[in-house]
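Report on one structure; see the data block that follows.
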Amino acid sequence: MNRYKYLIIGNSAGGIGAVEAIRKVDNEGTIAVLSDESYHTYSRPLISYFLADEIAYDKMFYRRSDFYEKRKVEAILGKKAVKIDFDDKAIVLEDGSQVGFESLLLSTGGEPFVPKIAGMETYDYSTFTTLNDALKLRDKLDNGSIKSAVILGGGLIGLKAAEGLFARGINITVVELANRILSPVLDETAAGLIQKVIEQKGIKVLPNHTIAEIVGENGKVNGVLLDKGERIDCDTVIVAIGVRPRIELVKDTPIKINRGIVVDKNMRTTVPNIYACGDCAEVYDFILDNYRLTPLWPTAHVGGRIAGFNMAGVEKEYVWGTGMNSVDFFGFPVISAGFINPPEGQEMEILIKDDPEKMIYKKFLIKDNRIVGMIFVNEVDRAGVILGLMRDKTDITPFKNEIMLEDFGQIYIPENLRRESAALEARV
Amino acid sequence: MKRVVSNEEVCIGCRLCEVWCKVQHSKSKDIIKAFKKETPMARVHVEERGAQSFAVQCRHCEEPDCVYSCITGAMSIDEETGQVMHDPEKCVGCWTCIMVCHRGAILRDERLRRIASKCDLCPGLDIPACVAHCPNEALCLVEEKSE
């Protein structure tokens, strides 16, 4: 059995972040990356662009083809981990072989949540989180077997899938259980603007609905029945409600799980020398000052990076992340971070700029003179300056009246409160 | 690590840095042709408030949030120079880098397709165009040793 100083399960944002951090401080310690997918590390958020032919297959890859070789990483790909042997400090693979570790990072990611829907056993449906999902859908598009699709879920994944399919000329209906699309990410007004953009393209959006049954004939889907009885014709159904932590490997083990794997600010699990990051873990959120699932690419990468440093003996804390999303629908950009509405029972000052004609919307949530939430629609430039103020918990009293200005930037912030590079470098 | 820093005490807000950045990143590299026949875009922008002004451009941070957050791998660190590089061919214009750049130094280039745009320290030049043409030496190229 090979034993590696660092064993990383997962070959996506978190795992790669860890490899890069480890190699920054330890050029010799052996590293292995293990994944049940056989691909070189690729960018999951790009699958909708790949579907749309906006990005070629060879541009899907997150790092260059010589990435593993250059960093002396053993890439064990296409092999599934089935068990952690805590006594032997080893991972048991599906074929019975074992891979030993001195320290282990669990960056196993998330898996699509698929609710039980009548008709699912008989009729085919797709999920949309992996390259394989995208390749399968591309095949169907290429051979002309789908002309229309119903997407269950109006979140980021569902709407990006809609955008990708739209580019291929598919007739689309998005069914969303909540009262608006993108409900975890945007408030009512912002979501309304995006819905308008999407509907103007001809995509149907149905909030307050869900699919009751997938129906068809001779084993082939030909429509869905909604909860309120309405029928929508379609050739395929895509389930994109969300992802949940992929934690089957740690179930019934000494590693503590809540909704995801429990970690501290050093990304350590409750078992020594075992770390976790990304979609499978409950990580620190600097706005909530608490731990929660944050299944996002940037937070997975930075969480993995912090885990990597700690695994290599360089102690660092992960205090970088909160809910943060930047996405573009048909050229219409939206960015949000932190709170989007005040949570129940909390008083917050809310500043809003709402210009429906120009389709511009901005919102800041302020508590004790600190920004704790932001939404930018269509006017997103320098949004990071605000996120920086949120992270630094800067008292914005001296420039509160200016934060809504279109050209708000560093110059409006008093020099002593500006974040210069030295402070930044000390942070991650 | 090289980076351009701005001394706001002496910046006069003339925006010549933006002009010469555009010229340097134009096809012709000729100021007349660039402005008449091309649609050049500056990778530096001057922030102004009353009499106060300074140029903002990518600081090529040692721990760059844009690189760590980039969903495609378009942003990367050049291993030899430590510079923060941007590969337009891998960029899809999701603006995640704009969301995390605390300096507000990344701009949207929507001329052909949507991609991020930022200071590349003028490859091929010893002194970046903005520094070379700053009339008041408000912009300086500094080199800091990395850890």
Of the listed residues (A:G216, A:G229, A:G202, A:G169), the one being at pLDDT below 95, more than 24 Å from A:E379 (Cβ to Cβ) and not acidic (D, E) is A:G229
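Before we move on, is A:K5 surrounded by 16 or more Cβ atoms within 10 Å (Cβ to Cβ), touching a Leu at 6+ places or on another chain (Cβ under 6 Å), more than 14 Å from every other protein chain (Cβ to nearest Cβ) and among the basic types (K, R)?
On the way: surrounded by 16 or more Cβ atoms within 10 Å (Cβ to Cβ): yes; touching a Leu at 6+ places or on another chain (Cβ under 6 Å): no; more than 14 Å from every other protein chain (Cβ to nearest Cβ): yes; among the basic types (K, R): yes.
Here the answer is no, as A:K5 does not meet what is asked.
State yes or no: is A:P245 closer than 22 Å to A:I375 by Cβ and either surrounded by 14 or more Cβ atoms within 10 Å (Cβ to Cβ) or not basic (K, R) (or both)?
For A:P245, the condition - closer than 22 Å to A:I375 by Cβ and either surrounded by 14 or more Cβ atoms within 10 Å (Cβ to Cβ) or not basic (K, R) (or both) - is not met.
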*asked:* Any residue that is more than 9 Å from chain A (Cβ to nearest Cβ), over 23 Å from A:A307 (Cα atoms) and over 14 Å from the mean Cα position of the chain (by Cα) - is there at least one of those in region B:52-60?
replied: no
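Could you check region A:332-349 and list, in sequence order, the residues that are of a type outside the set (S, T, Y) and surrounded by 14 or more Cβ atoms within 10 Å (Cβ to Cβ)?
First, pick out the residues of region A:332-349 that are of a type outside the set (S, T, Y): A:332-335, A:337-349.
Once the filter is applied, which keeps residues that are of a type outside the set (S, T, Y) and surrounded by 14 or more Cβ atoms within 10 Å (Cβ to Cβ), region A:332-349 yields A:F332, A:P333, A:V334, A:I335, A:A337, A:G338, A:F339, A:I340, A:N341, A:P342, A:M348, A:E349.
Yes/no per residue for (1) under 22 Å from A:V302 (Cα atoms); (2) touching a Lys or Arg at 6+ places or on another chain (Cβ under 8 Å):
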site	(1), (2)
A:N2	no, no
A:I8	yes, no
A:A21	yes, yes
A:V33	yes, no
A:T41	yes, yes
A:F50	no, yes
A:A56	no, no
Taking region A:31-68 and the residues there that are under 22 Å from A:K79 (Cα atoms) and of a type in the set (G, A, S), the one that is nearest to the other protein chains (Cβ to nearest Cβ) would be A:S43
Scanning region B:61-85 residue by residue, the ones that are surrounded by fewer than 23 Cβ atoms within 10 Å (Cβ to Cβ) and more than 7 Å from every other protein chain (Cβ to nearest Cβ) total 10
Taking first residues from region A:336-358 that are among the aromatic types (F, W, Y) and second residues anywhere that are in a strand (DSSP E or B), the pairs with Cβ under 9 Å that are 6 or more apart or on different chains are A:F339/A:L365; A:F339/A:K367; A:F339/A:V372; A:F339/A:G373; A:F339/A:M374
Restricted to region A:370-411 and to residues being in contact (Cβ under 8 Å) with a residue 60 or more places away in the chain and either among the aliphatic types (A, V, I, L, M) or within 18 Å of B:C97 (Cβ to Cβ) (or both), the residue surrounded by the fewest Cβ atoms within 10 Å (Cβ to Cβ) is A:N378
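Taking region B:100-147, which residues are in contact with a Pro (Cβ under 7 Å, 6 or more places away or on another chain) and either part of a strand (DSSP E or B) or without any contact (Cβ under 8 Å) to a residue 24 or more places away in the chain (or both)? Walk me through how you get there before you give the answer.
Restricting attention to region B:100-147, the residues satisfying the condition of being in contact with a Pro (Cβ under 7 Å, 6 or more places away or on another chain) are B:100, B:115, B:121-122, B:141.
B:I115, B:L141 - these are the residues of region B:100-147 that are in contact with a Pro (Cβ under 7 Å, 6 or more places away or on another chain) and either part of a strand (DSSP E or B) or without any contact (Cβ under 8 Å) to a residue 24 or more places away in the chain (or both).
From A:G158, A:G192, A:G144, A:G169, which residue is in contact (Cβ under 8 Å) with a residue 40 or more places away in the chain and not in a strand (DSSP E or B)?
On the way: A:G192 fails: in contact (Cβ under 8 Å) with a residue 40 or more places away in the chain; A:G144 fails: in contact (Cβ under 8 Å) with a residue 40 or more places away in the chain; A:G169 fails: in contact (Cβ under 8 Å) with a residue 40 or more places away in the chain.
Going through A:G158, A:G192, A:G144, A:G169 in turn, the sole match is A:G158.
Which of the following residues is surrounded by 21 or more Cβ atoms within 10 Å (Cβ to Cβ) and over 25 Å from A:N310 (Cβ atoms): A:L46, A:L34? Outline the logic, then answer.
Numbers: A:L34 fails: over 25 Å from A:N310 (Cβ atoms).
A:L46 is the lone residue from the list that is surrounded by 21 or more Cβ atoms within 10 Å (Cβ to Cβ) and over 25 Å from A:N310 (Cβ atoms).
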Considering region A:69-91, residues that are aliphatic (A, V, I, L, M) and free of Cβ contacts under 8 Å to residues at least 60 places away in the same chain, and then whichever is farthest from the other protein chains (Cβ to nearest Cβ), we arrive at A:I76
Note on A:I287: of the conditions (1) part of a helix (DSSP H, G or I); (2) more than 19 Å from A:L156 (Cα to Cα), unmet is (1)
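If the requirement is being more than 16 Å from the chain's Cα centre (by Cα) and not β-branched (V, I, T), which of these qualifies: B:G104, B:G93, B:G124, B:G82? Outline the logic, then answer.
Working: B:G104 fails: more than 16 Å from the chain's Cα centre (by Cα); B:G124 fails: more than 16 Å from the chain's Cα centre (by Cα); B:G82 fails: more than 16 Å from the chain's Cα centre (by Cα).
Sole residue among the options that is more than 16 Å from the chain's Cα centre (by Cα) and not β-branched (V, I, T): B:G93.
Only one residue in B:V100, B:V46 is facing another protein chain (nearest Cβ under 7 Å) and not polar (S, T, N, Q). Which one?
Numbers: B:V46 fails: facing another protein chain (nearest Cβ under 7 Å).
The unique qualifying residue is B:V100.
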inquiry  = Checking the structure you have, find out if any residue of region A:116-128 is surrounded by fewer than 20 Cβ atoms within 10 Å (Cβ to Cβ) and without any contact (Cβ under 8 Å) to a residue 60 or more places away in the chain.
reply    = yes
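Please find, among A:R419, A:R427, the residue that is in contact with a helix residue (DSSP H, G or I) (Cβ under 7 Å, 6 or more places away or on another chain), modelled with pLDDT under 95, surrounded by 14 or more Cβ atoms within 10 Å (Cβ to Cβ) and within 8 Å of another protein chain (Cβ to nearest Cβ). Don't jump to the end; show me each part of the working.
On the way: A:R427 fails: in contact with a helix residue (DSSP H, G or I) (Cβ under 7 Å, 6 or more places away or on another chain).
The conditions single out A:R419.
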The correct count of residues that are in a strand (DSSP E or B) and either within 24 Å of the chain's Cα centre (by Cα) or surrounded by 15 or more Cβ atoms within 10 Å (Cβ to Cβ) (or both) in region A:84-97 is 5
Scanning region A:9-30 for residues that are assigned to a loop (DSSP other than H, G, I, E, B) and more than 12 Å from every other protein chain (Cβ to nearest Cβ) gives A:G10, A:N11, A:D26, A:N27, A:E28, A:G29, A:T30
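If you take just the strands (runs of 3 or more DSSP E) that sit entirely in region A:323-411, which of them hold at least 1 residues that are closer than 30 Å to B:N7 by Cα and either at pLDDT 95 or above or within 12 Å of chain B (Cβ to nearest Cβ) (or both)?
Details: elements: A:324-329, A:332-338, A:349-355, A:360-367, A:370-377.
The strands (runs of 3 or more DSSP E) meeting that bar are A:370-377.
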What about A:G303, is it buried (at least 23 other Cβ atoms within 10 Å of the Cβ) and of a type outside the set (A, V, I, L, M)?
-> yes
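Can you work out which of the residues in region A:129-141 that are part of a helix (DSSP H, G or I) and in contact (Cβ under 8 Å) with a residue 24 or more places away in the chain is surrounded by the most Cβ atoms within 10 Å (Cβ to Cβ)?
The first filter runs over region A:129-141 and keeps only residues part of a helix (DSSP H, G or I), leaving A:131-141.
From the residues that got through so far, the ones that are in contact (Cβ under 8 Å) with a residue 24 or more places away in the chain too are A:131-134, A:137-138, A:140-141.
Numbers: A:L131: 19, A:N132: 13, A:D133: 19, A:A134: 24, A:L137: 26, A:R138: 17, A:K140: 17, A:L141: 22.
Result: A:L137.
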If we keep only residues of region A:270-281 that are crowded, with 19+ Cβ neighbours inside 10 Å and more than 13 Å from the chain's Cα centre (by Cα), then the residue nearest to A:L365 (Cα to Cα) is A:A276
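Report yes if some residue within region A:147-154 is modelled with pLDDT of 95 or more and surrounded by fewer than 19 Cβ atoms within 10 Å (Cβ to Cβ); otherwise report no. Steps first, answer last, please.
Here is the first cut: in region A:147-154, the ones modelled with pLDDT of 95 or more are A:147-154.
Next, from what is left, pick out any that are surrounded by fewer than 19 Cβ atoms within 10 Å (Cβ to Cβ): A:147-148.
Within region A:147-154, one or more residues are modelled with pLDDT of 95 or more and surrounded by fewer than 19 Cβ atoms within 10 Å (Cβ to Cβ).
The values are calculated or read from the model by the stated rules, or taken from the named source; none is laboratory data. Note that the structure is predicted; figures quoted are calculated from it, not measured. For neighbour counting, all protein chains shown are included, and Cβ atoms are generated from backbone atoms with ideal geometry for every residue, glycine included.
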